[in-house]
Amino acid sequence: MTPIKNPIPSLLVVLLNVAWWLVALSMALTMCIGALSAFSPIRGGYFDIPISFSVDPRTLPVRAPSLGIEGAQIEHARGTVRFSPPEGASLVVPALLGLVVMLALALFVVGQLRAVFRTLRDGRPFVPANATRIRWIAFAVMAGELGRAVVMFSSNSYVMTHFSANGLRFDARPDFNVFTIIYGLIILAIAEVFRTGTRLDEDQSLTI
Amino acid sequence: MAIRVKLDHLLLDRRITLTELADRIGITIANLSVLKTNKAKAVRFSTLEAVCRELNCQPGDLLEWNRDE
């Protein structure tokens with residue numbers, strides 16, 4: 001059977017190629033900055049660290065007079081704290097290391113997606129390798145979410161330990177998104193359906 | 001697989017080449033080769049009928065079951 005060329009997968013392959021190179025370049029750049037910072041400390045610039053905080057109702061009372069609500073509280077608000085790192089603070093290397101790990105994961109996912117869309121572009125998507133690739137994408141999505149939760153918790157803990165503000169109470173929460181894990185499980189289920197599809201396709205192609 | 005296709009023996013007996021049989025029954029040589037080399041996972045009744053008709057044989061002459069394989 002002659003493979004049918006489809007323009008949409010071709011376009012997506014081009015976009016994924018661009019994305020892959022962008023992520024790869026970002027990763028290389030991050031690693032270079034990390035290596036440079038080991039020899040000479042980086043001056044200037046600032047850090048944005050995700051925070052979770054609650055507002056002291058005595059400092060900032062929240063009310064809704066039209067609804068007759070008094071003494072409402074702002075709890076577990078999300079935001080970032082921006083600051084210039086003090087000299088000698090060992091923040092750059094762990095931050096860049098975390099960034100490199102996340103970029104490596106993104107590179108892996110984009111690489112797998114690119115390979116899947118290449119087979120789709122060539123008109124032969126039902127190959128066993130694609131089922132494995134989709135499965136790895138699912139694992140990467142779930143691992144990425146777990147990693148993000150760990151990073152959030154670590155940065156929240158860091159801010160909670162070192163920072164203070166009048167009327168604000170910093171807290172440490174992992175901000176674990178269950179829906180992303182569910183998406184990962186859905187992709188995993190699709191991978192298994194795909195694997196069955198490849199078996200059926202193989203059976204079909206070997207039926208004479 | 002325990003089922004073996006004895007197409008090569010039948011072709012030898014009938015002095016017919018694979019290309020000739022492919023032409024007669026309207027199946028590509030590639031597909032017939034898959035059948036001959038025992039790589040096929042299933043055989044359609046229509047294929048079986050066409051092969052038996054052209055080789056003047058029974059389906060049992062074409063297929064063989066081996067317990068050990």
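For chain A, what does -39500 (n - 2.57) per DSSP helix run (n ≥ 4), summed and divided by total residues, give at 222 nm, in deg cm²/dmol to the nearest 500? Intermediate values should be presented prior to the final figure.
Numbers: 4 runs with 126 residues, N = 208.
Rounded to the nearest 500, the figure is -22000 deg cm²/dmol.
Report residue B:64's accessible area, 1.4 Å probe, all protein chains in place, as a number in Å² to the nearest 10.
We get 60 Å² for residue B:64.
With only Lys, Arg, Asp and Glu charged, each at its Cβ (+1 for the first two, -1 for the last two), find how big the charge dipole of the stretch A:106-208 is about the Cα centre; round to the nearest 20 debye.
Working: 11 positive and 8 negative charges, 44 e Å.
Value, rounded to 20: 220 debye.
When the gyration tensor of chain B is built from Cα positions, what are the square roots of 5 times its three eigenvalues, in whole Å, from largest to smallest?
Whole-Å semi-axes of the equivalent ellipsoid: 18, 13, 11.
At a 1.4 Å probe radius, which order do A:76, A:162 fall into by accessible area, largest first? Write out the running numbers ahead of the final one.
Working: A:76 90, A:162 120 Å².
Highest to lowest solvent-accessible surface, that is A:162, A:76.
Under the rule of -39500 (n - 2.57) per DSSP H run of 4 or more residues, summed and divided by the residues of chain B, what mean residue ellipticity at 222 nm is obtained, to the nearest 500 deg cm²/dmol?
Working: 5 runs with 39 residues, N = 69.
So the helix-based figure for chain B works out to -15000 deg cm²/dmol.
Lys/Arg Cβ at +1, Asp/Glu Cβ at -1, dipole of the protein assembly as shown taken about the Cα centre: which of A:19, B:58, A:152 is farthest positive-ward?
Value: A:19.
With N set to the number of residues, divide the alpha-carbon radius of gyration of the stretch A:163-208 by 2.2 N^0.38 Å and report two decimals.
Details: Rg = 23.3 Å, N = 46, 2.2 N^0.38 = 9.4 Å.
With N residues counted in the stretch A:163-208, Rg over 2.2 N^0.38 Å equals 2.47.
State, to one decimal in nm, how far the label point of residue A:160 lies from the label point of residue B:39, with both points 7 Å from Cα in the Cβ direction.
Using points 7 Å along Cα→Cβ, the separation is 6.1 nm.
Based on Cβ point charges of +1 for Lys and Arg and -1 for Asp and Glu, what charge dipole magnitude is obtained for the stretch A:32-110 about its Cα centre, in debye rounded to the nearest 20?
Dipole of the stretch A:32-110, to the nearest 20 debye: 100 debye.
Run a plain Debye calculation on the stretch A:104-208 (Cα atoms as equal point scatterers, no solvent) and give log10 I(q)/I(0) at q = 0.11, 0.14, 0.18, 0.23 Å⁻¹, rounded to two decimals, same order as the q list.
-0.50, -0.67, -0.88, -1.14
Please report, for the Cα atoms of the stretch A:17-61, the Rg to one decimal and the Dmax as a whole number; what are they, in angstrom?
18.7, 54
Given a 1.4 Å probe and no ligands, DNA or RNA in the count, how much accessible surface is buried by A and B, both sides, to the nearest 100 Å²? Provide the component values of the computation, followed by the final result.
Working: alone 13700 and 4920 Å², together 17860 Å².
About 800 Å² of accessible surface is lost on pairing.
Just going by the charge dipole of chain A, with Lys and Arg at +1 and Asp and Glu at -1 on Cβ, which of A:7, A:108, A:178 is farthest out on the positive end?
In chain A, that residue is A:7.
When the accessible area of each residue in the stretch B:26-59 is compared between its chain alone and the complete protein assembly (1.4 Å probe; ligands, DNA and RNA ignored), which residues differ by at least 30 Å², being lower in the assembly?
The answer is B:31, B:41, B:42, B:44 - residues whose exposure falls by at least 30 Å² when every protein chain is included.
Shape verdict for the stretch A:43-182, please, from the Cα gyration tensor: rounded (a/c under 1.5), prolate (a/b greater than b/c) or oblate.
Oblate, because a/c is 1.5 or more while a/b does not exceed b/c.
When the solvent-accessible surface of protein heavy atoms is calculated with a 1.4 angstrom probe, in what order do A:132, A:161 fall, highest first? The partial results should precede the final answer.
Values: A:132 55, A:161 105 Å².
The ranking, largest first, comes out as A:161, A:132.
May I ask for the percentage of alpha-carbon pairs in the protein assembly as shown that lie more than 26 Å from each other? Can you show the working numbers first?
Details: 25454 of 38226 pairs.
Here the tail beyond 26 Å accounts for 67 percent of pairs.
Which ³J(HN,Hα) values in Hz, rounded to whole numbers, follow from the phi angles of the stretch A:146-151 under the Karplus curve 6.51 cos²θ - 1.76 cosθ + 1.60, where θ = phi - 60° and Gly and Pro get x?
4, x, 4, 4, 5, 4
Tabulate in residue order the Karplus-calculated ³J(HN,Hα) for the stretch A:130-145, using 6.51 cos²θ - 1.76 cosθ + 1.60 with θ = phi - 60°, rounded to whole Hz; enter x for Gly and Pro.
Running phi through 6.51 cos²θ - 1.76 cosθ + 1.60 with θ = phi - 60° gives 5, 4, 5, 4, 5, 4, 5, 4, 4, 4, 5, 4, 5, 5, x, 5 Hz.
Find the relative contact order for the stretch A:5-99 and round it to a whole percent, using C-alpha pairs within less than 8 Å whose residues are 6+ positions apart. Write down the numbers at each step before the final one.
Details: 75 pairs, mean separation 29.3, N = 95.
It rounds to 31 percent for the stretch A:5-99.
Over what distance in Å are the Cα centres of the stretch A:49-78 and the stretch A:170-187 separated?
25
Each residue of the stretch A:169-175 in turn: what ³J(HN,Hα) in whole Hz from Karplus with 6.51, -1.76, 1.60 and θ = phi - 60°, glycine and Pro shown as x?
Along the stretch A:169-175, the couplings run 10, 6, 9, 10, 9, x, 6 Hz.
Taking H placed 1.01 Å from N in the peptide plane, check which residues at least 5 places from residue A:56 or on another chain put their amide H under 5 Å from its amide H.
Those lying under 5 Å, H to H, from residue A:56 are A:168, A:169.
The values are calculated or read from the model by the stated rules, or taken from the named source; none is laboratory data. This structure is a prediction, so every number in the text was calculated from the model and none was measured. Every residue, glycine as well, gets a Cβ built from its backbone with ideal geometry; the counts of neighbours run over all protein chains shown. Ligands, DNA and RNA are stripped out before the accessible areas are found, and what is left, the full protein with its side chains, is counted by its heavy atoms. Shrake-Rupley method; radii C 1.70, N 1.55, O 1.52, S 1.80 Å.
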